[in-house]
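**Student:** This is the structure, below, for whatever I ask next.
The values are calculated or read from the model by the stated rules, or taken from the named source; none is laboratory data. What you see is a predicted model; the values in this text were computed from it and never measured. Neighbour counts run over all protein chains shown; Cβ positions are idealised from the backbone, glycine included. When the accessible area is computed, the model is the full protein with side chains, heavy atoms only, and any ligands, DNA or RNA have been set aside. Shrake-Rupley method; radii C 1.70, N 1.55, O 1.52, S 1.80 Å.
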Amino acid sequence: MTFSMKRMYAIFQKDVRDLSKNMYITTTMLMPLALAIFYSTMDEVTMDMHYLIINLCFAAVGVFVQSAIIAEEKEKNTLRGLMLSPATLPEILGGKSLVTLVLTMATVLICALLMGYEPANYMIVGGAILISCFFYIALGTLVGLLTKSVVEASVLALPVMFIFSFGSLFLTLIEEYPILSFIEYLPSVQLVELAIEVETGAVFADLWSNFAIILAWIVLASLLTAVVYKKKEMDA
Amino acid sequence: MENIIEVTSLAKIFGNQTALEDVHFSVKKGETFGFLGPSGSGKTTTIKILTGQLSHTSGKASVFGKPAATLNKPQDRKRFGVITDNSGLYQRLSIEDNLKLYCNLYDVPSIRISEVLEMVSLSKERKKNVAKLSKGMIQRVTLARALLHEPELLFLDEPTSALDPANSKHIHEGLRELNRKGTTIFLTTHDMGEAESLCDRVAFLNKGRIQLLDEPKTLRRQFAENTVLLELQDGSNITLPGGQEGAKEVYERMASGQVVSIHSNEPTLGDIFVEVTGRELV
Ligand SMILES: Nc1ncnc2c1ncn2[C@@H]1O[C@H](COP(=O)(O)OP(=O)(O)O)[C@@H](O)[C@H]1O
Ligand SMILES: [Mg+2]
């Protein structure tokens with residue numbers, strides 16, 4: 001398959017211009033920021049609170065915004081034009097994901113600054129947040145491709161966001177309901193676990209399993225996305 | 001001459017509904033070929049199959065000598081342009097920004113934007129947001145977008161259905177010019193005037209089948225009644241047969257100054273359509 005940076009960048013540029021005029025998206029981004037400001041006024045911000053906000057950024061921006069911008073391309077019949085142009089699947093989805101990646105990482109960064117989060121190892125935590133972001137964007141892409149309109153996407157995104165971002169809130173229920181033990185393997189849970197261990201002095205060698213699990217989620221979500229796109233390329 | 005599109009025994013079935021059945025036709029290089037049919041006859045379905053947006057049930061559909069479904073490489077995509085009812089524009093962006101995206105995707109310098117906007121008479125609206133445009137203007141922007149990369153082959157699904165006569169005429173001139181420069185055009189329409197004024201050949205599509213296929217003038221001649229219509233000074237009309245007898249009467253009436261006008265009874269494509277299919281072209 002061919003990949004052209006120029007075409008991916010063209011789509012990225014178009015989306016930046018488009019998003020700057022899209023109130024629906026900009027207000028969604030304000031949600032985690034508002035909560036971060038609220039938390040920052042507290043005496044002590046715990047690791048769980050930091051990651052509640054970071055996960056909210058992933059959910060509200062990574063999943064929600066990505067699914068909305070893809071569903072909108074379908075709703076307004078603009079995706080078909082891109083598909084019929086020389087742009088290929090990686091270029092189209094890459095361009096859109098890049099916009100969401102920038103937005104998500106910017107929101108995470110601003111929230112972390114507001115709340116004074118200072119990880120013991122910036123490289124490891126930053127890397128883990130970045131690859132987690134890839135997963136949520138792939139998830140948002142999938143939600144967007146499976147739905148036909150922005151409204152439908154936001155409805156489907158809600159439970160998906162809830163499970164993947166806030167699943168960790170139910171960790172304590174695992175003992176009582178063993179069926180919920182999959183929660184431990186959720187990327188959000190892996191990320192918090194990793195971040196806590198970093199604070200106790202863990203280095204990359206101690207954390208490879210967390211990274212591996214998050215990467216496995218990325219691979220799974222990307223494969224599903226490619227399959228769904230190929231299916232929709234015709235007959236959608 | 002080389003065939004750009006070749007379709008044999010093409011069929012498309014949606015669930016239990018047959019949209020196309022045993023369709024055969026080919027489009028030669030440089031030709032303007034029209035699919036004429038009422039709504040629901042399978043025009044859009046044909047374009048979607050030919051542009052790889054829809055799979056077909058059986059038969060063969062090839063474009064540029066390759067199966068239509070395999071034309072998905074960037075270099076193939078640059079060879080054709082499409083407008084269908086699902087060609088959307090970005091509402092929040094200006095006409096210019098919409099076209100700029102496509103210039104970048106097709107690797108076309110952005111000076112082309114002025115040229116195509118000129119062609120659809122939207123140069124002054126260049127900076128306007130698409131959300132503020134009328135339906136007809138949107139149709140013209142979509143056409144402009146399909147022309148940006150000067151494709152060898154253009155698929156147009158009812159290109160002027162939302163346009164007033166003046167704008168349609170302007171677009172028709174543009175399309176003829178494009179065709180003169182070598183672009184092959186496959187268009188669908190339910191407007192017989194459009195088919196008549198643009199197409200080298202037309203196919204009548206009815207309920208998913210091609211019922212007639214030929215050059216418009218051949219069809220008109222084939223279906224013409226051999227009669228002439230005379231409009232007389234007293235306001236009445238009379239129809240006279242061709243040949244000796246009719247010619248004599250025409251002469252006499254003309255000589256005695258009764259005749260206001262003479263018309264040959266050539267049917268329009270619309271008349272022929274009704275005669276062949278028993279249906280109106282709506
Ligand atoms: N996606 C689809 N699913 C089911 N039926 C369809 C679909 N698309 C078109 N049809 C049917 O196929 C027939 C031909 O439709 P279409 O090609 O859109 O006609 P036209 O463009 O000539 O108006 C119609 O009866 C229509 O209802
Ligand atoms: Mg149609």
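**Student:** Let me know the whole percent of all Cα-Cα pairs from the range B:95-179 that are separated by more than 20 Å.
**Tutor:** Percent of Cα pairs beyond 20 Å in the range B:95-179: 28.
**Student:** In nanometres, what is the gap between the two model label sites at A:SER149 and B:THR18, each 7 Å from Cα along Cα-to-Cβ?
**Tutor:** Those two pseudo-labels are separated by 3.5 nm.
**Student:** Compute the accessible area of each residue in the range A:69-102 twice, once for its chain alone and once with every protein chain present, using a 1.4 Å probe on heavy atoms, and list those whose area falls by at least 30 Å².
**Tutor:** Buried on complex formation: A:LYS76, A:ASN77, A:THR78, A:ARG80, A:GLY81, A:LEU82, A:LEU84, A:SER85, A:PRO86.
**Student:** What average number of partner chain Cβ atoms lie no more than 10 Å from the Cβ of the residues making up B:70-76?
**Tutor:** The shielding value for this peptide is 4.
**Student:** Got a number for the accessible area of B:GLU266? Probe 1.4 Å, square angstrom, nearest 10.
**Tutor:** Looks like 100 Å² after rounding.
**Student:** In whole Å, what are the Cα extents of the range A:5-232 along the three principal axes, biggest one first?
**Tutor:** Projected onto its principal axes, the Cα set of the range A:5-232 covers 52, 37, 32 Å.
**Student:** Follow-up question, since we're still on this one. Using the Cβ atoms and a cut-off under 12 Å, what net charge is assigned to the surroundings of A:ARG17, where Lys and Arg are +1 and Asp and Glu are -1?
**Tutor:** Residues near A:ARG17 contribute 0 overall.
**Student:** Apply 1/(1 + (r/R0)^6) to the Cβ-Cβ distance of B:SER58 and A:MET47, taking R0 = 60 Å, and write down the FRET efficiency to the nearest 0.05. Walk me through the intermediate numbers first.
**Tutor:** Values: r = 62 Å, r/R0 = 1.03.
So the FRET efficiency works out to roughly 0.45.
**Student:** Given DSSP loops and a limit of at most 12 other Cβ atoms within 10 Å, what is the longest stretch of chain A that contains no such GluC sites (Glu not before Pro)?
**Tutor:** Here the longest run is A:45-174.
**Student:** Here's another thing I want to ask about it. Taking H placed 1.01 Å from N in the peptide plane, check which residues at least 5 places from B:VAL228 or on another chain put their amide H under 5 Å from its amide H.
**Tutor:** Correct list: B:LEU240, B:GLY242.
**Student:** For the pair A:PHE182 and A:LEU224, how long in nm is the line joining their label points, each one 7 Å along Cα→Cβ?
**Tutor:** Each label point lies 7 Å from its Cα, and together they span 0.9 nm.
**Student:** Students sometimes get this wrong: rank B:ASP214, B:ASP234 by accessible area, probe 1.4 Å, all chains present, largest first.
**Tutor:** B:ASP234, B:ASP214
**Student:** Shifting gears a bit: Can you give the accessible area per residue of the range B:142-282, in Å², using a 1.4 Å probe?
**Tutor:** 51
**Student:** What does the helix-only formula give at 222 nm for the protein assembly as shown: each DSSP H stretch with n ≥ 4 adding -39500 (n - 2.57), the total divided by the residues, and the result rounded to the nearest 500 deg cm²/dmol?
**Tutor:** -16500 deg cm²/dmol
**Student:** Straight distance only, please: which aspartates and glutamates reach the Cα of B:LYS132 with their own Cα at less than 15 Å, same-chain residues fewer than 8 apart left out?
**Tutor:** B:LYS132 reaches B:GLU96, B:ASP97.
**Student:** Then there's this: For the peptides B:38-50, A:2-14, what is the packing order when you average, over each peptide's residues, the other Cβ atoms within 10 Å and list the highest mean first?
**Tutor:** Listed from highest to lowest mean packing, they are B:38-50, A:2-14.
**Student:** Ok, one more. Do any residues of the range A:4-32 show a loss of at least 20 square angstrom of accessible area between the isolated chain and the full protein assembly, using a 1.4 Å probe, and if so which?
**Tutor:** A:LYS6, A:ARG7, A:ALA10, A:LYS14, A:ARG17, A:ASP18, A:LYS21
**Student:** Please express the Cα-Cα pair-distance distribution P(r) of the protein assembly as shown as a list of whole percents, one per 10 Å bin, running from 0 to the bin with the greatest distance.
**Tutor:** Histogram of Cα-Cα distances, whole percents per bin: 4, 16, 22, 19, 14, 11, 7, 4, 2, 2, 1, 0.
**Student:** Compute the accessible area per residue over chain A, keeping the other protein chains in place, probe 1.4 Å, unit Å². Can you show the working numbers first?
**Tutor:** Details: 10850 Å² over 236 residues.
It amounts to 46 Å² per residue over chain A.
**Student:** Also: Roughly speaking, to the nearest percent, how much of the range A:5-232's 1.4 Å accessible area is carbon and sulfur?
**Tutor:** 73
**Student:** Could you give the C-alpha radius of gyration of the range B:1-146 expressed as a fraction of 2.2 N^0.38 Å, taking N as the number of residues it contains?
**Tutor:** Working: Rg = 17.3 Å, N = 146, 2.2 N^0.38 = 14.6 Å.
Here the Cα radius of gyration is 1.18 times the empirical estimate.
**Student:** Now for a different question. Could you check the simple spin-label distance between B:GLU225 and A:SER20, using points 7 Å along Cα→Cβ, in nm with one decimal?
**Tutor:** 6.7
**Student:** On to the next question. Normalised radius of gyration for chain B, please: alpha carbon Rg relative to 2.2 N^0.38 Å, two decimal places.
**Tutor:** 1.18
**Student:** If you roll a 1.4 angstrom probe over the protein chains with everything in place, what fraction of the accessible area of chain B belongs to carbon and sulfur, to the nearest %? Can you show the working numbers first?
**Tutor:** On the way: 6290 of 13130 Å².
Answer for chain B: carbon and sulfur cover 48 percent of the accessible area.
**Student:** Follow-up. Give me the accessible area buried between chains A and B, both sides summed, with a 1.4 Å probe, in Å² rounded to the nearest 100.
**Tutor:** 2700
**Student:** Need one number: % antiparallel among DSSP beta bridges in chain B, to the nearest 5. If you can, show how the numbers build up before the last one.
**Tutor:** Numbers: 31 of 49 bridges.
If I count the DSSP bridges inside chain B, around 65 percent turn out antiparallel.
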